[in-house]
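Contents: one structure, followed by commentary.
Read-outs: derived from the displayed coordinates by stated rules, not from any lab. Nothing here was measured: the structure is a model prediction, and the numbers come from that model. Backbone-built Cβ (ideal geometry, glycine too); neighbour counts: all protein chains shown.
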Amino acid sequence: MPDLVLRGKAIKLGDNISTDDIIPGRFVHLRSNLPELAKHVLEDAAPEFASRATALSAGCGGKAILVAGKNLGLGSSREHAPVVIKMSGVGAILAKSAARIFFRNAINQGMPVLLCDTDKIGDGDELEINVNDGKIADVTSGITLTCGKMPPIMSAILEEGGVVPYMQRHRGFVITG
Amino acid sequence: MGKTLAEKILSLKSHGEAKAGDVVISDVDLAFVQDATGPLTVRQFREIGFKALAKPQQTVIFLDHAAPSPSQQLSNDHILLRRFAGQTGCRIYDVGEGICHQLVAESFANPGDVIVGADSHTVTAGALGAFATGMGSSDVAVAFALGKTWFRVPESLLIEIDGTFPPGVYAKDLVLHLIGQIGADGANYRALEFGGDAVARMTMSQRLTVANMGVEAGAKVGLFPSDRITRDFLREHGRVGKYRPLSADAGANYEQVIAVNLNQLEPMVSLPHAVDNVRPVAQVKGVKIQQAFIGTCTNGRTEDLAVAAEILKGKKRHAGTRLLVAPASKQVLIQAMEKGYIQSLIGAGAIILPPGCAACLGLHQGVLGDGEVCLSTANRNFRGRMGNPEAMIYLASPATAAASAIRGEITDPREMM
């Protein structure tokens, strides 16, 4: 189960970060070797991302929080995109908007994705995120952001840690609310 | 209140009343993966503890992205997928058969079907009136086992297409124009539904091109109503019995209606590094290209090769421009040989690649060098897409690609016709 309250520091990215940016197609041959694949996360689009994320997640008590602009994860359906983001030490993703396949893939991987006005968050800001309430406190700036709600079925999948543990438990999709 | 096409199909397949915004559990008529997403599907399927497929004959593996494989790792992924097919009894289309989306159109998709594929361009089958959408590997693993998935019923945008295509202007120009207008997230989470007088005159090949690129505006599906063209296509492919007429109800609720008049369209080009960075060809004429690539699930069909062959017949590619052609399927390749298109293309200096994704996604068969420019008929021009972040990709129709290959620079195809 993911931490439903988590603290960490923001690593900011821009708009329209595609899944090709997150993990380029030239590394398709590494998709069955996820630790090797993950070394190439955002290699062209944000070359410093991997080392910053690793350093943050190795630090005491915190996680890296990926903070993007609009239309995060557009393009290919490759679920390897949220997989390598998670493996790089990111604990949650914030964006103004996210492409639908990427959004669903991230939740299926147990990675919280919250949609809010990320312009208000600065690079390196310390954030406290309450996934259940959809509230983000920017400790650095002192502001609080409220995120849109996801459908209950997605919250349930996220709460159980992703679609694999969800399916192991339920053996099917359960619609509630 | 009338239903949109999306609401109609999801009502049918969820055995209830589905309206935009609802979350439903829907039957899945076809679930598929390709070789770049399939290995993760197999691993997730096994990790969950699933043993059997819900519908083996409606579960398909396509080996098209690395076709044939350029590396030992990808060859091993192919072995994994072939073994999974052997163990579970699902269908498999091995390397050389063609691109998953083309094969789904040729052999599987029917009006009213729900299709999920671990590939974003699964939306292509919307041309046949199927609610077809791309998903991740895990979601498709679940669909393999349950024969069901969940959907949030999308709101729909109606694209009303009127007029006729002027000479030199094609379905690719239409969809590039549309994406340029609404933007790369202009249809995010929504269904694109195509209507208007012109739809009845659009061939299945044109519809497939338009539906294919719906996802470049973020769309969940790109749906055409089914009609005489759909029925004829199904008859040609031996399954006319699967035809059913389907269209949105009068009075259906659309979030937005966008009108496109084909009479006013020109050849369009999408510039690096974003698909919605669209300009008329006149504004980019003269950009030197080192490679022209004709093929993919967007524009690798017989009609596309016919247009290219017509322009290239008896001419030669520019000495500084490589011309790559990849038919979308074996059936397309055979048809193009029978019609003499392949001979014309080879005569003009084209390299014919095996049916499959070829150079589109940057893992083999035409990876670009530093600073090189490719004019491609594919659907994506993201930085690094064709294997090199230092290269530039422009997207256009097969006619524009063929004309540009002759001159070695981006060219208005109407100057060559």
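Collect residues whose amide H, placed 1.01 Å from N in the peptide plane, falls under 5 Å from the amide H of residue B:246; neighbours closer than 5 in sequence don't count.
HN-HN under 5 Å from residue B:246: B:226.
Averaged over A:29-41, how many beta carbons belonging to a partner chain fall within 10 Å of each residue's beta carbon? Could the numbers behind the result be given before it?
Details: counts 13, 3, 10, 9, 1, 2, 0, 1, 0, 0, 0, 0, 0.
Partner-chain Cβ atoms within 10 Å, mean over residues of A:29-41: 3.
Once you put a point 7 Å from the Cα of residue A:54 and another 7 Å from the Cα of residue A:159, both along the Cβ direction, what distance in nm separates them?
So the label points at residue A:54 and residue A:159 sit 3.6 nm apart.
Using a Cα distance threshold of under 28 Å, what count of lysine pairs results for the stretch B:268-412 when pairs must be 8 or more residues apart or interchain?
13
Run through the stretch B:85-159 and list the trypsin sites (Lys or Arg not before Pro) located in a DSSP loop whose Cβ has at most 10 other Cβ atoms within 10 Å.
Values: sites: B:91, B:148, B:152; in loops: none.
For trypsin sites (Lys or Arg not before Pro) across the stretch B:85-159 that sit outside H, G, I, E and B with at most 10 neighbouring Cβ atoms in 10 Å, the list is empty.
Among residues other than residue B:183 whose Cβ falls under 13 Å from its Cβ, what is the net charge (Lys/Arg +1, Asp/Glu -1)? Let's see the in-between values first.
Details: positive: A:70, B:190; negative: A:15, B:185, B:216, B:276.
Once all neighbours under 13 Å are counted, the net charge is -2.
Can you bin the stretch A:5-148 into rounded, prolate or oblate? Criterion: square roots of the alpha carbon gyration tensor eigenvalues sorted a ≥ b ≥ c, rounded for a/c under 1.5, prolate for a/b above b/c, oblate for the rest. Intermediate results must be reported in sequence, preceding the final value.
Values: a/c = 1.81, a/b = 1.46, b/c = 1.24.
Prolate shape, in that a/c is at least 1.5 and a/b is the bigger ratio.
How much mean residue ellipticity at 222 nm does chain A get from its helices, if each DSSP H run of length 4 or more adds -39500 (n - 2.57) and you divide by all residues, to the nearest 500 deg cm²/dmol?
Result for chain A, helices only: -7500 deg cm²/dmol.
Starting from the Cα gyration tensor of chain B, take the square roots of the eigenvalues, sort them a ≥ b ≥ c, and report rounded, prolate or oblate (rounded when a/c is under 1.5, otherwise prolate if a/b is larger than b/c, else oblate).
Values: a/c = 1.73, a/b = 1.22, b/c = 1.41.
Oblate, because a/c is 1.5 or more while a/b does not exceed b/c.
Which links in B:55/B:220; A:70/B:220; A:149/B:51; A:135/B:8 stretch past 29 Å when you go from one Cα to the other? Could the numbers behind the result be given before it?
Numbers: B:55/B:220 24 Å; A:70/B:220 17 Å; A:149/B:51 34 Å; A:135/B:8 36 Å.
Too far apart for the 29 Å limit: A:149/B:51; A:135/B:8.
Can you give me the C-alpha center-to-center distance between the stretch A:112-177 and the stretch B:106-122, rounded to a whole angstrom?
Here the answer is 31 Å between Cα centres.
Show me the GluC sites (Glu not before Pro) within the stretch B:190-296 that DSSP assigns to loop and that have at most 16 other Cβ atoms within 10 Å of their Cβ.
Numbers: sites: B:193, B:216, B:236, B:255; in loops: B:255.
Counting only loop positions with at most 16 other Cβ atoms within 10 Å, the GluC sites (Glu not before Pro) in the stretch B:190-296 are B:255.
Counting other beta carbons within 10 Å of each residue's own, what order do B:121, B:15, B:318, B:65 fall into, fewest first? Write down the numbers at each step before the final one.
Numbers: B:121 30, B:15 11, B:318 20, B:65 26.
Least crowded to most crowded, the residues run B:15, B:318, B:65, B:121.
Need one number: % antiparallel among DSSP beta bridges in the stretch B:1-152, to the nearest 5. Could the numbers behind the result be given before it?
Working: 5 of 19 bridges.
Expressed as a percentage, antiparallel bridges in the stretch B:1-152 total about 25.
When only C-alpha pairs under 8 Å and at least 6 residues apart count, what is the relative contact order of chain B, in percent?
On the way: 1086 pairs, mean separation 73.7, N = 417.
The value is 18 percent.
Under a GNM of chain B (C-alpha, springs under 10 Å), which listed residue has the highest mean-square fluctuation: B:212, B:263, B:253?
Most flexible of the set in this elastic network: B:263.
Once every DSSP H run of n ≥ 4 in chain B is given -39500 (n - 2.57) and the sum is divided by its residues, what mean residue ellipticity at 222 nm do you get, rounded to the nearest 500 deg cm²/dmol? Walk me through the numbers on the way to the answer.
Numbers: 13 runs with 127 residues, N = 417.
Only helices count here, giving -9000 deg cm²/dmol.
With θ set to phi - 60°, apply the Karplus curve 6.51 cos²θ - 1.76 cosθ + 1.60 along the stretch A:117-132 and write out the HN-Hα couplings as whole Hz, x wherever there is a Gly or Pro.
After applying 6.51 cos²θ - 1.76 cosθ + 1.60, I find 7, 6, 4, 7, 9, x, 4, x, 4, 8, 10, 10, 10, 10, 5, 4 Hz.
Take A:103, B:165 and order them by how many other Cβ atoms sit within 10 Å, fewest up front.
Values: A:103 23, B:165 17.
Ascending Cβ contact count within 10 Å gives the list B:165, A:103.
Just for the stretch A:5-148, what percent of DSSP beta bridges are antiparallel, to the closest 5?
Values: 12 of 26 bridges.
Antiparallel bridges: around 45 percent, rounded to the nearest 5.
Show the residues, 5+ positions off or on another chain, whose built amide H is closer than 5 Å to the amide H of residue B:323.
For residue B:323, the qualifying residues are B:292, B:351.
Measure out, as a whole number of angstrom, how far apart the alpha-carbon centroids of the stretch B:284-321 and the stretch A:12-73 sit.
Cα centres, the stretch B:284-321 to the stretch A:12-73: 35 Å.
For the stretch B:268-412, calculate the relative contact order in percent as a whole number, restricting contacts to Cα pairs under 8 Å that are 6 or more residues apart.
36
For residue B:197, project a label point 7 Å along Cα to C-beta. Then give me every residue of the stretch B:121-162 with its amide nitrogen under 18 Å of that point.
Those under the cut-off are B:159-162.
Expressed as a rounded percentage, what relative contact order does chain A have, with Cα pairs under 8 Å and six or more residues apart?
Reported relative contact order: 25 percent.
Shielding by partners for A:100-107, please: the mean number of other protein chain Cβ atoms within 10 Å of each residue's Cβ.
Details: counts 15, 12, 2, 2, 6, 5, 1, 2.
The per-residue average across the peptide is 6.
Find, among the GluC sites (Glu not before Pro) in the stretch A:13-92, those assigned to loop by DSSP (not H, G, I, E, B) with at most 16 other beta-carbon atoms within 10 angstrom. Write down the numbers at each step before the final one.
Working: sites: A:36, A:43, A:48, A:79; in loops: A:43, A:48, A:79.
Listed in order of number, the matching sites are A:48.
For each of B:88, A:176, B:41, count neighbouring Cβ atoms within 10 Å of the residue's Cβ, then give the residues from fewest to most.
On the way: B:88 18, A:176 9, B:41 28.
By the 10 Å Cβ count, ascending, the order reads A:176, B:88, B:41.
Taking amide hydrogens as modeled 1.01 Å from N in the peptide plane, which residues meet the under 5 Å criterion relative to residue A:98, leaving out close sequence neighbours?
Hits under the 5 Å cutoff: A:71, A:72.
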